[in-house]
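Structure first, then comments.
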Amino acid sequence: MAVRQGRYTLNLPSRPSIIGNAAVVGKTEGEGPLKAEFDHIYTDDTLGEISFEKAESTLQREAVIRALDKAGKTPAEVDFILAGDLLNQCIGTSFGLRELNIPFLGMYGACSTMSLSLGLASVLVDTKAADVAVASTSSHFCSAERQFRQPLEYGGQRPPTAQRTATAAGASVVAAATPEKPCVEAVTFGRIVDLGVKDANNMGAAMAPAAAQTIADFLTDTGSTPQDYDLILTGDLGLVGTKLLKELLQKDHGVDLGDRHADCGLLLYDLEAQDVHAGGSGCGCAGSVFNSYILRRVTAGELKRVVLVATGALMSQTSSLQGESIPSIAHAVLVSAPQNIL
């Protein structure tokens, strides 16, 4: 059963396993450097639906169904599904998953939702409150732009600090420890951090402080250093946020990430060949990269210990119009290679 380690971290002694995972993406994401890693690439960002919001629902449902199929599980065998997205009232998730008839725990961690849902699903399995739990999330470039900035038809210019919200979804199926599958060792649920950033076109700067705080908390609680892990993977800080993260960790916590850091927002796209400005963002950014490229390397033992630190900006259209700053959050999940490899 979960044991508190330090102040903010939960160690999971039973080592719940990720027994199935899937990632599906849109056209632009499928043209990036990870195109061979995804379970499915849609060539039309509407996915045949009449709205981008409906397309996002289809995207997440597809990721969940594919992950369950790879896990050899049916929806009837799942005790809980923990999921969310960026849209108001998480309609991308609730409308997409309603037909699966699984007990639903709606999550809102903004772009941190993959690590939030995966962390909570793992705790539920570790404490035996669930035998099988699914963690999933999604985002869509067009639905996010319409909600948080300007509809694409407006044709507004995006500054260099802006990131592209990924049209993507990812899902993980968590169950009791299985020797040949990756396992979750520990979870650190983050604290809200707000350094006063108000620019909705600079998500990297808004989220980097939370990533720095959660990484520092995790390392302190576990008595470890970045060199103890093969990879510390942030969710979607992009170029601006990644630079700021390293500066904040060094300045405020004396932590040097060295060569152990990567960011999903920089892995998903080719910044030289694709017009994505400062990189990728959105729930589906970490969700798709983690549930494809990263987990495949963990399963093969190429990466033995990975800390997923997805980051989220806790804002809304209303708060931005009221002149509020953008608080941020980050959650860390330590994932290890299969026990039969270690």
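Can you find, within segment 145-194, the residue that is modelled with the lowest pLDDT among those that are acidic (D, E) and outside any loop (DSSP other than H, G, I, E, B)? Reasoning before the result, please.
Here is the first cut: in segment 145-194, the ones acidic (D, E) are 145, 153, 180, 185, 194.
Remaining after also requiring outside any loop (DSSP other than H, G, I, E, B): 145, 153, 185.
Details: E145: 68, E153: 50, E185: 98.
Going through the qualifying residues, I end up with E153.
Considering only residues that are touching a helix residue (DSSP H, G or I) at 6+ places or on another chain (Cβ under 6 Å) and in a loop (DSSP other than H, G, I, E, B), look in segment 44-66 and name the one that is nearest to N291 (Cα to Cα).
Step one: of segment 44-66, the residues touching a helix residue (DSSP H, G or I) at 6+ places or on another chain (Cβ under 6 Å) are 46-47, 49, 52-53, 56-57, 60-61.
The next check asks that each one be in a loop (DSSP other than H, G, I, E, B); those that pass are 46-47, 49.
Values: T46: 22, L47: 21, E49: 25 Å.
The extreme case among them is L47.
Quick one: in segment 1-43, which of the residues that are under 11 Å from S292 (Cβ atoms) and among the charged types (D, E, K, R) is modelled with the lowest pLDDT?
Step by step, filter segment 1-43, then rank; the result is E29.
Mind listing just one residue for me: the one in segment 182-196 that is among the small types (G, A, S) and in contact with a helix residue (DSSP H, G or I) (Cβ under 8 Å, 6 or more places away or on another chain) and, of those, surrounded by the fewest Cβ atoms within 10 Å (Cβ to Cβ)? Break it down into steps so the answer makes sense when it comes.
So the first thing to find is which residues in segment 182-196 are among the small types (G, A, S), and the list is 186, 190, 196.
If we keep only those that are in contact with a helix residue (DSSP H, G or I) (Cβ under 8 Å, 6 or more places away or on another chain) as well, we get 186, 190.
Working: A186: 25, G190: 27.
So, considering only residues that are among the small types (G, A, S) and in contact with a helix residue (DSSP H, G or I) (Cβ under 8 Å, 6 or more places away or on another chain), the one surrounded by the fewest Cβ atoms within 10 Å (Cβ to Cβ) is A186.
Determine if segment 265-281 includes at least one residue that is within 23 Å of D194 (Cβ to Cβ) and among the hydrophobic types (A, V, I, L, M, F, W, C).
Yes, that holds for at least one residue.
Checking the condition hydroxyl-bearing (S, T, Y), farther than 17 Å from T188 by Cβ and modelled with pLDDT of 95 or more, which residue from Y293, Y269, Y229 passes?
On the way: Y269 fails: modelled with pLDDT of 95 or more; Y229 fails: farther than 17 Å from T188 by Cβ.
The unique qualifying residue is Y293.
Please determine, by comparing only the residues of segment 263-279 that are buried (at least 19 other Cβ atoms within 10 Å of the Cβ) and part of a loop (DSSP other than H, G, I, E, B), which one is nearest to the chain's Cα centre (by Cα).
Among those that are buried (at least 19 other Cβ atoms within 10 Å of the Cβ) and part of a loop (DSSP other than H, G, I, E, B), it is L268.
Can you pull out every residue in segment 250-262 that is hydrophobic (A, V, I, L, M, F, W, C) and either within 21 Å of the chain's Cα centre (by Cα) or not assigned by TED's automatic domain parsing to the domain that holds S281 (or both)? Walk me through how you get there before you give the answer.
First, the residues of segment 250-262 that are hydrophobic (A, V, I, L, M, F, W, C): 255, 257, 262.
L257, A262 - these are the residues of segment 250-262 that are hydrophobic (A, V, I, L, M, F, W, C) and either within 21 Å of the chain's Cα centre (by Cα) or not assigned by TED's automatic domain parsing to the domain that holds S281 (or both).
If I filter segment 204-215 down to residues being touching a helix residue (DSSP H, G or I) at 6+ places or on another chain (Cβ under 7 Å) and among the hydrophobic types (A, V, I, L, M, F, W, C), which single residue comes out as surrounded by the fewest Cβ atoms within 10 Å (Cβ to Cβ)? Spell out how you get there, then give the answer.
As a first pass, look at segment 204-215 and keep what is touching a helix residue (DSSP H, G or I) at 6+ places or on another chain (Cβ under 7 Å): 204-205, 207-209, 211-212, 215.
Checking which are among the hydrophobic types (A, V, I, L, M, F, W, C) leaves us with 205, 207-208, 211-212, 215.
On the way: A205: 23, M207: 36, A208: 29, A211: 35, A212: 28, I215: 26.
This residue is A205.
Do any residues in segment 203-218 that are in contact (Cβ under 8 Å) with a residue 12 or more places away in the chain and within 12 Å of V255 (Cβ to Cβ) have Cβ atoms under 6 Å from those of residues that are of a type in the set (A, V, I, L, M) and in a helix (DSSP H, G or I), where the two are at least six apart or on different chains, and which pairs are they?
What qualifies is A211/L245; A212/L245; A212/L248; A212/L249.
Please determine whether any residue of segment 78-87 is part of a helix (DSSP H, G or I), small (G, A, S) and buried (at least 16 other Cβ atoms within 10 Å of the Cβ). Working first, answer last.
Pass one, segment 78-87, residues part of a helix (DSSP H, G or I): none.
Within segment 78-87, none of the residues are part of a helix (DSSP H, G or I), small (G, A, S) and buried (at least 16 other Cβ atoms within 10 Å of the Cβ).
Search segment 317-331 for residues that are under 17 Å from L87 (Cβ atoms) and pair each with any residue that is surrounded by fewer than 15 Cβ atoms within 10 Å (Cβ to Cβ) when their beta-carbon atoms are under 8 Å apart and the residues are at least 6 apart or on different chains.
S320/K198
Given the conditions (1) in a helix (DSSP H, G or I); (2) surrounded by fewer than 17 Cβ atoms within 10 Å (Cβ to Cβ), which single one is not true for C142?
(2)
On the given criteria, is D199 under 30 Å from T318 (Cβ atoms), of a type in the set (D, E) and surrounded by 18 or more Cβ atoms within 10 Å (Cβ to Cβ)?
So D199 fails the test.
Is one or more of the residues making up segment 201-219 over 15 Å from the mean Cα position of the chain (by Cα), of a type in the set (F, W, Y) and assigned to a loop (DSSP other than H, G, I, E, B)?
No.
Here are E31, E56: which of them is acidic (D, E) and surrounded by fewer than 20 Cβ atoms within 10 Å (Cβ to Cβ)? Working first, answer last.
Numbers: E56 fails: surrounded by fewer than 20 Cβ atoms within 10 Å (Cβ to Cβ).
Within the list E31, E56, the selection yields E31.
Which numbered condition trips up D236, out of (1) under 17 Å from the mean Cα position of the chain (by Cα); (2) outside any loop (DSSP other than H, G, I, E, B); (3) at pLDDT below 90?
For D236, the exception is condition (2).
Scan segment 225-234 and tell me whether some residue there is surrounded by fewer than 23 Cβ atoms within 10 Å (Cβ to Cβ), assigned by TED's automatic domain parsing to the domain that holds T318, touching a Gly at 6+ places or on another chain (Cβ under 8 Å) and charged (D, E, K, R).
No, segment 225-234 contains no residue that is surrounded by fewer than 23 Cβ atoms within 10 Å (Cβ to Cβ), assigned by TED's automatic domain parsing to the domain that holds T318, touching a Gly at 6+ places or on another chain (Cβ under 8 Å) and charged (D, E, K, R).
How many of the residues making up segment 95-117 are in contact with an Asp or Glu (Cβ under 9 Å, 6 or more places away or on another chain), part of a helix (DSSP H, G or I) and surrounded by fewer than 24 Cβ atoms within 10 Å (Cβ to Cβ)?
Qualifying residue count for the region: 1.
Look through segment 300-316, keep the residues that are in a loop (DSSP other than H, G, I, E, B) and modelled with pLDDT of 85 or more, and return whichever of them is nearest to D85 (Cα to Cα).
The extreme case among them is L314.
The values are calculated or read from the model by the stated rules, or taken from the named source; none is laboratory data. Not measured: the values here are computed from a predicted model. Here Cβ is always computed from backbone atoms with ideal geometry, including for glycine, and neighbour counts include all displayed protein chains.
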